[in-house]
Each structure stands twice: as C-alpha cells, then as structure tokens.
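Enquirer: Have a look at this one before I ask anything.
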Amino acid sequence: MSDVSTPMWLLAELTYKCPLQCPYCSNPVDFANTTGAELDTEHWIRILREARELGAAQLGLSGGEPIVRKDLEIIVREAHKLGFYTNLITSGIGMSADRVAGLKEAGLDHIQVSFQASSSELNNWIAGTDSFEHKLEMARAVKANGFPMVLCFVTHRENIDQVDDILELSTRLEADYVELATTQYYGWAFINRDVLMPTREQLESAEACITRFRDEKKNDAMKIFYVVPDYFETRPKPCMSGWGSLFMLVTPDGTTLPCHSARQLPGIEFPNAKDMSMSDIWKRSDAFQKFRGFDWMQEPCRSCSEKEKDFGGCRCQAFMLTGDAAATDPVCDKSPNRHLVDAAIKQSAATTRDTKPMIFRNPKNSKKFFVETS
C-alpha cells in the first residue's frame, strides 16, 4: 500500500455531549444513542500515538463540546509531546479563564470559539441557552493567554444579515481570524435545510459587506474566511481533498471515518479504533478504500477533466440527495441530478419558520430520530 497518501489531519470528536442545541450541528441526528459509549483516556492516547506514527500532524479536538471532558488537559499534553499542532474547537460554554490558562500550560496551540450571532438575543435563541456573555468572556480569555484569536460564526438565513455587526464584534474582540461559514447541509443542518438556507441575495449581500470591510480595513491584521454553501455553486467542493486522502475522524465511541458524515452511508462497515490500529484502518480497511482514487467513479465523473480537482464531490451529499453514494455530487452542473439541488433551493425560498418549525439538536429530538430510523 505504498501509494496510499499520509493522513495530515486527525479530528478527535471527544464527546457528543453539548450544552447547546444548534439546529445546524454536524453531529449525527441520532447521537443520543451513542453518548454512553465514549472512549476513555487510554484509548485516546493510543489513538494519538498511532496517528502521529502514521504521519498525522494536525489534531482537532471537537465534539459536541470537548470542554466537558475532564481529561482534556491530559489529552492535550500528550498530543503536544507527540508533536501535533493542536486546535480546540469549542463553544466556550463550561470553560473558565483558569481552564484556558491550564490548556495553554498543557501545550494547546489554538482555540476556535464559536458564536451563533452578533447579538445576545439571536445567539441565545439559536444556541438554546443563555451563552452570549460567557462567550465574550472566553474569547477575551483566549486572547489574554496568547492564543491566536479565532472566531467562527456559522451563518444561515437567521443571522447572515448581521455580517456587518459580526465583523464589528470581531474587531472589538481583536480577532486574528474570523470564519464566516455558511451552513453546510449535513446532520442536523440537513433536516433543517429548508429554514436555514439563505437566499442568493443574502449571500451576495454578505459578500459585499465583507468586500467593503476588507477595502476599508486594508491594513487590518484580521483575516476573514467566507465559505458559501456549494448548493449555489456549479462545481462540487473537493470534499476532504478526496475520500481517505488527508483526513480521518474518530467519533466518541471509536468509529473511524474518512469524513464527518460518512457513518450514514449504507453498506459500509466502518472500523473502530478500539479494534484496529490507525495504520490498519488507514491503509487496509475496506471502508477507507471504498472511494479512494477514481476507479469507483460513474459517468460523467469518470471521464471528466476536472475529476482530479473535485474528486467527484461529496459522497455523503451524493447519497443524501440521490440515494447513491457513488453518484456524481448533484451540486455539479454536469450531474444528471443537478435539478435536485435547484429544487432544494426553490423549496427553501418558499419555506418559513411558520410553515416548518426549526428542529433543535438535543437528546429528546435525537432519541426521536433514532426511533424513526431504527
């Protein structure tokens, strides 16, 4: 297997437990069925060691909310010793200034703090909890402890018109990097797609706000990353730079995936890090081989001149929209199924919260979805 590339990025989803109820969460909609089966500290340390030996250099620590893990500092300290560049992806809820300092001492390199909006009222409604003021405190604590100030705002129909205010808030917090990531439709976001999807006009207006801000702040050190949903593009995103190419994810129970949402794909038995080494998973498991390279491709991907740029797009998106994980991603205008994306955009434009209420991510709703899909 010498032709298999080296994984560069390991994402450790330490837990699905989370105090927030964001309706766009990428966690599985039936997460409540797995919250009692989390890997212990020793398992995570073994996974980190094996992944580092395999070549992984960047480590993301996420969830749910990774702060709820009492052994987070132990995991961070081990990752630092191994030479990982470590990034904590957090809502900030449950964190304290002392814990921020402790994570710095343990060797953490990077903290990304997420906000749901630029105003407390909207932030707290989307999060399902009174969290805005604490997020501000934690963002300041991150800055005070010498971390890069990285803020993430997942944007959607409800908050995308706040882009000017979001950038102003980020400036006040002295952010170094701001990610404005328009919701991508997986997990909870997929079931809420009709009420989350912004209009094309909203996306264009947001882009104009960002361009204006950049022009006015040419000498500002704050970097802005604006990610639009690929539904509004004509070519699919090069999802994870190709299946099993650079990225691997370990879920709270040890299931190991080549992307965030792959667990939903039928007919694939994904390996568990409790039973296999990370090397064997990466190099030899059937799951990680499934869509590697180009031999699996159907037309028009197989003969497309752009297949080495986009790798046929996203396998999970192809499955969710067509029922066939090997199909051309319907986002592509060469796909015979592009009409499905156009129909979703049209349907969303005609949907309001009055006609289709938002479904929030919480254990009660998760158990409901588990029953319905079992």
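The values are calculated or read from the model by the stated rules, or taken from the named source; none is laboratory data. Predicted model, so just to flag it, every value in this text is computed and none were measured. A quick note on method: Cβ atoms are made from the backbone with ideal geometry, for glycine too, and the neighbour counts reach across all protein chains shown. Keep in mind that these areas ignore ligands, DNA and RNA; they rest on the heavy atoms of the full protein, side chains included. Shrake-Rupley method; radii C 1.70, N 1.55, O 1.52, S 1.80 Å.
Enquirer: Considering only residues that are open to solvent by less than 30 Å² (accessible area, probe 1.4 Å), at pLDDT 95 or above, not aliphatic (A, V, I, L, M) and not in a loop (DSSP other than H, G, I, E, B), which ones fall in segment 22-53?
Expert: Across segment 22-53, the qualifying residue is only Trp44.
Enquirer: Which of the helices (runs of 4 or more DSSP H) found entirely inside segment 185-230 contain at least 1 residues meeting this: touching an Asp or Glu at 6+ places or on another chain (Cβ under 9 Å)?
Expert: Working: elements: 187-191, 193-196, 200-216.
Once the helices (runs of 4 or more DSSP H) in segment 185-230 are filtered for at least 1 residues that are touching an Asp or Glu at 6+ places or on another chain (Cβ under 9 Å), what remains is 193-196, 200-216.
Enquirer: Somewhere in segment 293-304, is a residue out of contact with any helix residue (DSSP H, G or I) (no Cβ under 9 Å at 6 or more places or on another chain), open to solvent by 50 Å² or more (accessible area, probe 1.4 Å), part of a loop (DSSP other than H, G, I, E, B) and among the polar types (S, T, N, Q)?
Expert: Yes - at least one qualifying residue is present in segment 293-304.
Enquirer: While we're on this one: For segment 223-240: of the residues being more than 15 Å from the chain's Cα centre (by Cα) and farther than 17 Å from Ala327 by Cα, which is surrounded by the most Cβ atoms within 10 Å (Cβ to Cβ)?
Expert: Ranking the qualifying residues of segment 223-240, first place goes to Ile224.
Enquirer: Another question, then. Which pairs turn up if I take residues in segment 228-244 that are farther than 15 Å from Gly293 by Cβ and look for partners that are in a loop (DSSP other than H, G, I, E, B) and among the hydrophobic types (A, V, I, L, M, F, W, C) with beta carbon separation below 7 Å, at least 6 apart in sequence or on another chain?
Expert: Asp230/Val331; Tyr231/Val331; Glu233/Val331; Arg235/Cys332; Pro236/Cys314; Pro236/Val331; Pro236/Cys332; Lys237/Cys314
Enquirer: Please go through segment 314-327 and pick out each residue that is in contact (Cβ under 8 Å) with a residue 40 or more places away in the chain and more than 19 Å from the chain's Cα centre (by Cα).
Expert: Result: Ala325, single match.
Enquirer: Being open to solvent by less than 10 Å² (accessible area, probe 1.4 Å) and in a loop (DSSP other than H, G, I, E, B) narrows it down to one residue among Leu108, Leu180, Leu169, Leu151; which is it?
Expert: Just one listed residue meets the conditions, Leu108.
Enquirer: Mind checking which residues of segment 120-135 are touching a residue at least 24 places away in the same chain (Cβ under 8 Å) and either hydrophobic (A, V, I, L, M, F, W, C) or open to solvent by 30 Å² or more (accessible area, probe 1.4 Å) (or both)? Let's see the steps before the verdict.
Expert: Of segment 120-135, the ones touching a residue at least 24 places away in the same chain (Cβ under 8 Å) are 122, 126-129, 131, 134-135.
Scanning segment 120-135 gives Leu122, Ile126, Ala127, Gly128, Thr129, His134.
Enquirer: Just checking, does segment 231-238 include any residue being closer than 22 Å to Arg315 by Cα and in contact with a Phe, Trp or Tyr (Cβ under 6 Å, 6 or more places away or on another chain)? Let's see the steps before the verdict.
Expert: Filtering segment 231-238 down to residues closer than 22 Å to Arg315 by Cα leaves 231-238.
Going one step further and asking which of them are in contact with a Phe, Trp or Tyr (Cβ under 6 Å, 6 or more places away or on another chain), we end up with 238.
Yes: one or more hits.
Enquirer: From Ala56, Ala101, Ala117, Ala79, which residue is modelled with pLDDT of 95 or more, surrounded by 18 or more Cβ atoms within 10 Å (Cβ to Cβ) and in a helix (DSSP H, G or I)?
Expert: Matching residue, one of Ala56, Ala101, Ala117, Ala79: Ala79.
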